[in-house]
Amino acid sequence: MSHRMKERLAYHLNEQRQRLDYLKKHYGQFKISEVTLEQIISGIRGVTLLITDTSYVDPHQGIRIRDFTIPELLRVLPKARNSAFPLAGGLYYLLMTGEVPDETEAWEVEETWKERMAVPEHVFRVIDAMPHQTHPMTLLSQAILALQTESIFARRYEEGISKPAFWGYYLEDSLNLTAKLPVLAAYIYNRKYRQGEHIPPHPDLDWSANFAYMIGRSDDPIFVELMRLYFVLHSDHEGGNVTAYSANVVSSSLADIYFTASAGINGLAGPLHGLANQECTRWLLRVLHHFGGLPSEEQLETYVREQVERGMTIPGYGHAVLRTVDPRFTALADLAETYFPQDTLYRLVKRVYAVVPRVLASLGKVKNPWPNVDAISGALLYHFGVRQLDFYTVLFGISRMLGVTAQTVWSRGLYKPLERPKSITSQMLEAMIAQADETAPAPLASTPVA
Ligand code: AMX
């Protein structure tokens, strides 16, 4: 166990509980949001409903992880050996405690993960039992769920424990799960695309480098660097994204971390969310194929306009919260610009960036015409020969579980209750409107159909 991390976490949870108790007691009636009917019908967009301290998506600055912007985060976190990029262990320490770890503390998490990487045999058998064409996200979700047999929280809960003890077991489970994620991802990759060759983790490597090693790609130091950057960038995006939000609801029932993480992964598998990296790369390749190479800006603009006029979505562009270029896009573009600016797919990413925002903005309805992280991440993986597009969201997933598990430990540590919003029927809604507004037309539900 990473003792220092647990100790600091206990301290901050205690402090935060007192803070929230005070706020609830003295400002319990303070209004944070009002919700309109339009917002409910439009996916609760723009309604502040959650308190999440691990990170915040600033619409104009992008993600702030524990208040650090992406460039700040990359600067302050301890780096892996001979690397320009942070150790995932240090990031996890920061997500969990809100404190920037020193190198020793970051390595302590890495060492803790190494001790817990062994995956029970039955989990591999679950993956093996699935048909070969199974989507890797299905396999990841199933593998995480298969690990549920190992939940310490579930066992202790059955024996009878009280609320203050919950978070400690969620933390144990979270460390056990996150330690195994690169192994699961690599096993899925190797089984699907490398004739089942299984490479166990290397004891000297950090969490991120180990993934590269286990898929047989650690010989390229720039790919290893990409993995380190990638896993930091995708780790957390406040509490309302589909992954975190669904995981949070599931965990609020005191389902253990394995049920919680699997639920989050299921949400990430949708094309409007995590699967966009797969979709975007497919789209970029289709563009190259269509033009027989890199199109000019003019050709691309005509192509994109035609697509949006036919009602198609341009993957990798737009966001429910962001209103600017995603700084995660910029961080990945910086890496590509440094190491392989002439790569064709990367050059296309840049050309798309020059064209798509103005096309989307000209439609007048897209709230954010700018690229999100998925507009580029796949192109970089593709450059390094990871060309199995359906695998891309798995990498997003194992990174995002760092944030999801940290959020979950905090939720249980703050004794958050069962999440259970109220719903009404549309008939009730019409009746409510009629009562408030005498001039409203007769409720549709009671209007005879012509
Ligand atoms: N291409 C074409 N049209 C788009 C668009 C895009 N990239 N993004 C938004 N629009 C359209 C919407 O479809 C909607 O049209 P409608 O009114 O006719 O239904 C209109 O613009 C308004 O949408 P919005 O309020 O700007 O976006 P939203 O909050 O409803 O949805 C998102 C956000 C991400 C789902 C949407 O922008 C989208 O589908 N983008 C492409 C998929 C993508 O990149 N997803 C990844 C997001 C990041 C992540 O979670 N990994």
- Karplus couplings for segment 206-217 from phi (6.51 cos²θ - 1.76 cosθ + 1.60, θ = phi - 60°), rounded to Hz, Gly and Pro as x? 6, 3, 6, 5, 5, 4, 4, 5, 6, 9, x, 10
- For residue 58, residues with placed amide H under 5 Å, excluding near neighbours: 63, 64
- Which whole-number value in Å³ per residue fits the convex hull of the alpha carbons of segment 10-49? 75 Å³
- Message: Sort 353-359, 412-418, 28-34 by the packing proxy (mean of other Cβ within 10 Å over each peptide's residues), most packed first.
- Response: 353-359, 412-418, 28-34
- Message: Taking amide H atoms as placed 1.01 Å from N in the peptide plane, list the residues 5 or more away in sequence, or in a different chain, whose amide H sits under 5 Å from that of residue 368.
- Response: 319
- Note on the structure: Rounded to one decimal in Å, the inverse mean reciprocal Cα-Cα distance for segment 145-191, i.e. its Kirkwood radius, is 11.8 Å
- Roughly how big is the chain's charge dipole about its Cα centre, with Cβ charges of +1 (Lys, Arg) and -1 (Asp, Glu), in debye to the nearest 20? 420 debye
- Given 226-236, 12-22, the highest-first ranking by average Cβ count within 10 Å works out to 226-236, 12-22
- Query: So what are the ³J(HN,Hα) numbers for segment 81-89, from phi and the Karplus equation (6.51, -1.76, 1.60; θ = phi - 60°), rounded to whole Hz, Gly and Pro as x?
  - Reply: 4, 6, 9, 8, 10, x, 6, 4, x
- Find the relative contact order for the chain and round it to a whole percent, using C-alpha pairs within less than 8 Å whose residues are 6+ positions apart. 20 percent
- Which net charge results when you count Lys and Arg as +1 and Asp and Glu as -1 among the other residues whose beta-carbon is under 15 Å from that of residue 262? -1
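Semi-axes of the equivalent ellipsoid of segment 276-383: what are they in whole Å, largest first, if each equals the square root of 5 times a C-alpha gyration tensor eigenvalue?
20, 17, 11
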- Note on the structure: Along segment 123-134, Karplus-curve 3J(HN,Hα) (6.51, -1.76, 1.60; θ = phi - 60°) to the nearest Hz, with x for Gly and Pro, reads 5, 5, 5, 4, 5, 4, 6, 7, x, 4, 7, 4
- Query: Over all Cα pairs of the chain, how is the pair count split among 10 Å bins, expressed in % and running from 0 up to the last occupied bin?
  - Reply: 4, 20, 29, 25, 14, 6, 1, 0
- Note on the structure: Normalised per residue, the volume inside the convex hull of the alpha-carbon atoms of segment 352-450 in Å³ amounts to 262 Å³
- Query: Build a GNM of the chain with springs between Cα atoms under 10 Å: which of 239, 264, 311 gets the top mean-square fluctuation?
  - Reply: 311
- Query: Local charge sum around residue 59 (other residues, Cβ-Cβ under 10 Å, Lys/Arg +1, Asp/Glu -1)?
  - Reply: +1
- Query: Hey, in the GNM for the chain with a 10 angstrom Cα cutoff, which one of 214, 432, 312 fluctuates hardest?
  - Reply: 432
- Message: Quick check of the Kirkwood formula: for segment 61-108, what is the inverse mean of 1/r over all pairs of different Cα atoms, in Å?
- Response: 10.6 Å
- Just from its helices, what would the mean residue ellipticity at 222 nm be for the chain, if runs of 4 or more DSSP H residues each count -39500 (n - 2.57) and the sum is divided by every residue, rounded to the nearest 500 deg cm²/dmol? -18500 deg cm²/dmol
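Here, each number is a calculation from the coordinates, and none is a lab measurement. Predicted, not measured: the structure shown is a model, and the values here were computed from it. Note that each Cβ is placed from the backbone with ideal geometry, even for glycine, and that neighbours are counted across all protein chains shown.
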